[in-house]
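Below is one structure; the comments refer to it alone.
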Amino acid sequence: MNVFQRNPKRVVLMAVFAASFASIFVRLADAPPVAVGFYRLTFSLPFFAAIVLIWHRKELFSVTRRDLAGSGLAGVFLSLHFLSWFIALDYTTVASATVLCMTHPIVILIITTLFFKERTNRRALAGIGLAFAGAVIITGGDYALSREALIGDLLAFLAAVFMALYLLAGKKYRSGIPAAVYVFLVFTSCWLVFLVEMIVTRTPFAGYSGESFFWILMLALVCQIGAHGVFNWCLGYVKAIYLATWEMSEVLIAALLAAFLFSEIPGLWQLVGGGITILGLLYYNRHEEDEPDLSRRLAGKKKL
């Protein structure tokens, strides 16, 4: 057992800290959002490919068409998540974009309730309602500043929608595939989507500065491998609720980094709305796995 397996919770904290740099690296990379996404996957994909081809080759070639299509769909959603979030950072602040992107549990709850008829408890619903109220405060405050900021906020929330769809696709198709194989297939699909987007939008493949490529490389190494890849590994050792709760700290770290590097000091509405959103999401994460409400449980027993 290595040091990471002995201390998985510490690994989670390290991965969260690494993920917090994503918005900073995107800002520092002087390249179109599509190119940032394409090269982020281009630089990181060989790492995941090596792991699968060396240790999981048999599992890779035994993947069914259904699992392949499912992981491909998840990759499409992931690419759209990255793209909308990258563009959002051109319009709004790091703090607002990061907070709003974290609201994907709201979207998941809406989709699972309306389309999959899944039940939840009132405390989890209260947490989601509080988080949504905070998101409304953020967007309202940003709209008062400029319409561009509102566009960025809407794009950041759209990124949350695509993240929710990505996670729901993973929930449906991930169970029959080993984690390493699933991650590789999803990232490969994500890379292919960015490749198509590069061609369709006629975004140049070259001509960017060495500094821009350096920051995209850091985005790949620190955030794609050191965060996204590690998060998938951590789920085998810690509860999803633990991971989701600590992910909330990304907002604070990213906001502090943006304030120091870009002089982006959050305004009053951003602070109030962001604080309410984080509290709501933390409350939701705390009670997400609770049993359905007592009245519903009693109703179910009476039917029996």
Modelled label-to-label distance, A126 and L268, 7 Å Cα→beta-carbon offset: nm?
2.9
Debye equation applied to the C-alpha atoms of the range 28-70, log10 I(q)/I(0) at 0.17, 0.19 Å⁻¹:
-0.66, -0.73
Virtual spin-label span in nm between F213 and T201, 7 Å along Cα→Cβ:
2.1
Full extension between R6 and L68 adds, at 0.36 nm per residue less the Cα distance, a length in nm of 19.0 nm
Longer than 26 Å from Cα to Cα, which of K9/K58; K117/K171; K58/K171 are they? Say none if no pair is.
K9/K58
Go through the range 140-208 and name the trypsin sites (Lys or Arg not before Pro) that are in a DSSP coil and have 15 or fewer other Cβ atoms within 10 Å of their Cβ.
R202
Kyte-Doolittle cut-off -1.0, length cut-off 24 Å along the helix's own axis using Cα: show which whole DSSP H helices in the chain pass.
33-55, 65-88, 122-145, 147-173, 179-200, 268-287
With Rg from the Cα atoms and Rh as the Kirkwood inverse mean 1/r over Cα pairs, the range 7-290 has an Rg/Rh of 0.95
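No value in this document is a laboratory result; all are computed from the given coordinates. All values reported here derive from a predicted model rather than from experimental measurement. Counting neighbours? That spans all protein chains shown, and the Cβs are built from the backbone with ideal geometry, glycine included.
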